[in-house]
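Since the structure comes first, as structure tokens, the remarks are kept for the end.
The values are calculated or read from the model by the stated rules, or taken from the named source; none is laboratory data. Nothing here was measured: the structure is a model prediction, and the numbers come from that model. Counting neighbours? That spans all protein chains shown, and the Cβs are built from the backbone with ideal geometry, glycine included. Only protein heavy atoms, including side chains, enter the accessible area calculation; ligands, DNA and RNA are left aside. Shrake-Rupley method; radii C 1.70, N 1.55, O 1.52, S 1.80 Å.
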Amino acid sequence: MLGVQLAALLDGEVPGVAEALDLVDGFDDALVHGLARLDEEQAGRLAALAGALRDTPLGPAVGEAVEKITAGSIGEQELAALAGARTTLLGAVHDARLARFDAALGRARDTWEEPPASPPVEGPLGAGRSWLQELAITGWRGVDHDLVSAADQAVSALLDEPALRGPAVLLDGLAAELRASCPVATMDRVPARRWADLWARALLLLQPGTSGTRPAGAVSGRLLPLGVDVHEHGTAVQIQVHGVLEPTDGSPTRLVRASVAAAKVDTIVGPAVWRLLDGHPVLLKALAEHRSVDLAEVPVTAGGDLIWQDDRATPGEPADPFATARLRLSDALAPAVPPLERHPVRIAEPVLVEGYTIDGDALTLDGHTLAVDLERLPGCGPLTPELVAASSTCVGLVRWEAGRWTLQPLAVQATVKRKTVEAHGGDWALGPTDPKVAKAEAKAGDAVAVLRERAGRLLRR
Amino acid sequence: MTDWERRSVVRVVPPLRPRKLAKVPFVELAEGRLQGVVSSGSDIARVYVSSIAAGTHTYSCGTNNNRPCGGLSGAPCKHLQALVTEAVLQYGLDRVARYLRVDVGEGEDLLSRLDGAPERAPAAGVFSRFLRHLAYLELPDTTEPIAELQWFPATRAVR
């Protein structure tokens, strides 16, 4: 990303975004207090939300839902319509922001093509929907231990169905946050936008036919990793490798992601999480050793997600992620975003930034300032705020967060004690390379092995 | 609404610190108790369920088959001591003390500040929560992307 591109990215507000988010706030505020207890102002803001969508295909359903809910009839169908309305608005915000990014960087993006229909995933969707309904009626402020515990059965049932892992980890993550916040009535403030995001997304994913991943085809070629983004809550971890794919069929190079997610428990943290992913040795080797990977007929979705199959991947030659970013990133075709995933938190665009200065969490390039997200430096890798502060080159993800553009570092080149050092988020994929961290890990013992032993002994009795 | 309330990504659950799990594989602040599972020192197949109630500070320890712990003689047994030690490592002293509603001054031992009496608490519930906890490690991993986890970024380690 050049200074002039950063300037274009930061250049003023996108029209309509503030108004759309104001409507979202109205809904989120209603959910804080509970839909069973709407006052006149809250009812008015829900009506405004319905009004904004009046001329869309969702319009009639949302209008009717708001009328019924205001009158005290809060059914699943009405809630689904409201969740759809809120999701639509945030989808529009996502589109506006991503279009700004693409225009500023000159990034070419594929157009969305609906993959062939596949049969809807069957599964225990109803229990989760009922829980979300109870939450909406009660409001976040009314959540207590009993209401949180009511999620347990729904979560366990969803976890048993691999195709429903998305809604399962989502509900589990939301329930854990509510449990840690109980009784919510005594909290100083409630994370209203966040919890409404999670609530709405879960409710949509628990409608028949919305969950499950559909491949649009298969690809062969050379994958050049750029870096790894790590997601984690108490009972789940996901690594998402961003890379450039050079297809063997001669079609244009494209940006892709490869993801692996594992269930875990909250006491498995830091570098230990890599051990949960050891069923994918080729991917981990590529990360730890900075190698390319040769792919043979690996399924890919229309949204640019490889459905990773380690047995169809072969480790290739060493491939420096900084060189990949420098040489291949600017002409790679970016994937379209699947309609249901359009939300500002989904924006995570790989970029290379060079020749900047950093002061605290602010990066300056040719006089333009971009916030660096120092919170998103995963504990399973070597990136630290100190290394980022000493860096002058960075491969990262541009995100839109908290009303501003931010850069999430995936790899940095820095000068420490007059020596050039490099750190990549996936450097410890095969174990920590920092002797101090390795020693601490060895001393703490293998958390994964200890718990697996306990599980083996106690679960099958 | 404040800017914090209008953010999609904020940390709500405080991070846990890593600790050795061999002696006390499971600790939680839940259901109004500090509760957990402590491995027996003598029998590899036996575990103790130990708990301390918030507020009243009554405590309980027994095997997962509800046999009372022989070490409970008017004072917390070694299993309860291990539970408290590991809970403080995992959550930090402040969070455990706040949950149990006890004032602990600097340099004071949390256990010595508790003045509850032994009171049998059912072990089955805690044990089944432990089994549910372990069951996560039996789930197969997945390579289908989970877009929902974009709301849950991994953050810096607490060391």
If residue A:324 passes every condition in (1) crowded, with 22+ Cβ neighbours inside 10 Å; (2) more than 22 Å from the chain's Cα centre (by Cα); (3) outside any helix (DSSP H, G or I) but one, which one does it miss?
(3)
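Condition (residue is of a type in the set (D, E, K, R), buried (at least 23 other Cβ atoms within 10 Å of the Cβ) and closer than 25 Å to residue A:273 by Cα) applied to region A:208-231: is it met by at least one residue?
Yes: region A:208-231 contains one or more residues that are of a type in the set (D, E, K, R), buried (at least 23 other Cβ atoms within 10 Å of the Cβ) and closer than 25 Å to residue A:273 by Cα.
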Counting just the residues of region B:1-42 that are open to solvent by 80 Å² or more (accessible area, probe 1.4 Å), more than 8 Å from chain A (Cβ to nearest Cβ) and not charged (D, E, K, R), which one comes out nearest to residue B:110 (Cα to Cα)?
B:41
Only one of A:317, A:349, A:289 is modelled with pLDDT of 95 or more and in contact with a helix residue (DSSP H, G or I) (Cβ under 7 Å, 6 or more places away or on another chain); which?
A:349
Exactly one condition in (1) assigned to a loop (DSSP other than H, G, I, E, B); (2) in contact (Cβ under 8 Å) with a residue 12 or more places away in the chain is not met by residue A:131; state its number.
(1)
All but one of (1) open to solvent by 30 Å² or more (accessible area, probe 1.4 Å); (2) over 24 Å from the mean Cα position of the chain (by Cα); (3) away from chain B (no Cβ under 14 Å) hold for residue A:414; which doesn't?
(1)
State all residues of region A:417-436 that are surrounded by 15 or more Cβ atoms within 10 Å (Cβ to Cβ) and hydrophobic (A, V, I, L, M, F, W, C); if no residue qualifies, say none.
A:423, A:428, A:429, A:430
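Look through A:188, A:266 and report the one residue that is among the acidic types (Asp, Glu), open to solvent by 20 Å² or more (accessible area, probe 1.4 Å), over 16 Å from the mean Cα position of the chain (by Cα) and not assigned by TED's automatic domain parsing to the domain that holds residue A:25.
Details: A:188 fails: not assigned by TED's automatic domain parsing to the domain that holds residue A:25.
So the residue among A:188, A:266 that is among the acidic types (Asp, Glu), open to solvent by 20 Å² or more (accessible area, probe 1.4 Å), over 16 Å from the mean Cα position of the chain (by Cα) and not assigned by TED's automatic domain parsing to the domain that holds residue A:25 is A:266.
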Restricting the search to region A:266-319, which residues are farther than 15 Å from residue A:425 by Cβ, away from chain B (no Cβ under 14 Å) and assigned to a loop (DSSP other than H, G, I, E, B)?
A:319
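Looking at this structure, is residue B:45 within 12 Å of chain A (Cβ to nearest Cβ) and exposed (fewer than 14 other Cβ atoms within 10 Å of the Cβ)? Full working, then the answer.
Values: within 12 Å of chain A (Cβ to nearest Cβ): yes; exposed (fewer than 14 other Cβ atoms within 10 Å of the Cβ): yes.
When the stated conditions are applied, residue B:45 passes them.
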Boolean, residue A:376 is open to solvent by less than 30 Å² (accessible area, probe 1.4 Å) and basic (Lys, Arg)
yes
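Can we say residue A:364 is of a type in the set (S, T, N, Q), under 30 Å from residue A:441 (Cα atoms) and open to solvent by 20 Å² or more (accessible area, probe 1.4 Å)?
For residue A:364, the condition - of a type in the set (S, T, N, Q), under 30 Å from residue A:441 (Cα atoms) and open to solvent by 20 Å² or more (accessible area, probe 1.4 Å) - is not met.
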Kindly indicate whether residue A:253 is farther than 23 Å from residue A:322 by Cβ and either open to solvent by less than 10 Å² (accessible area, probe 1.4 Å) or of a type in the set (S, T, N, Q) (or both).
no
Only one residue in B:110, B:80, B:34, B:72 is over 30 Å from residue A:271 (Cα atoms) and in contact with a strand residue (DSSP E or B) (Cβ under 8 Å, 6 or more places away or on another chain). Which one?
B:72
Of all residues in region A:49-60, how many are touching a helix residue (DSSP H, G or I) at 6+ places or on another chain (Cβ under 6 Å) and either open to solvent by less than 50 Å² (accessible area, probe 1.4 Å) or not assigned by TED's automatic domain parsing to the domain that holds residue A:21 (or both)?
3
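Please state which one of A:92, A:80, A:71 is among the hydrophobic types (A, V, I, L, M, F, W, C) and under 21 Å from the mean Cα position of the chain (by Cα). Working first, answer last.
Values: A:80 fails: under 21 Å from the mean Cα position of the chain (by Cα); A:71 fails: under 21 Å from the mean Cα position of the chain (by Cα).
That would be A:92, the only listed residue that is among the hydrophobic types (A, V, I, L, M, F, W, C) and under 21 Å from the mean Cα position of the chain (by Cα).
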Would you please name the residue that is least open to solvent (accessible area, probe 1.4 Å), looking only at residues in region A:16-48 that are more than 24 Å from residue A:137 (Cα to Cα) and without any contact (Cβ under 8 Å) to a residue 40 or more places away in the chain?
A:18
Which pairs turn up if I take residues in region A:437-461 that are under 19 Å from residue A:263 (Cα atoms) and look for partners that are charged (D, E, K, R) and in a helix (DSSP H, G or I) with beta carbon separation below 6 Å, at least 6 apart in sequence or on another chain?
A:448/A:275
Taking into account only those residues within region A:63-120 that are under 19 Å from residue A:198 (Cα atoms) and of a type in the set (S, T, N, Q), which is surrounded by the fewest Cβ atoms within 10 Å (Cβ to Cβ)?
A:77
Tell me, please, whether a residue that is in contact with a helix residue (DSSP H, G or I) (Cβ under 7 Å, 6 or more places away or on another chain), hydrophobic (A, V, I, L, M, F, W, C) and within 30 Å of residue A:380 (Cα to Cα) can be found in region B:88-97.
yes
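Looking at A:170, A:105, can you tell me which residue is in the same structural domain as residue A:193 (by TED's automatic domain parsing) and either among the charged types (D, E, K, R) or in contact (Cβ under 8 Å) with a residue 60 or more places away in the chain (or both)? First the steps, then the outcome.
Values: A:170 fails: either among the charged types (D, E, K, R) or in contact (Cβ under 8 Å) with a residue 60 or more places away in the chain (or both).
So the residue among A:170, A:105 that is in the same structural domain as residue A:193 (by TED's automatic domain parsing) and either among the charged types (D, E, K, R) or in contact (Cβ under 8 Å) with a residue 60 or more places away in the chain (or both) is A:105.
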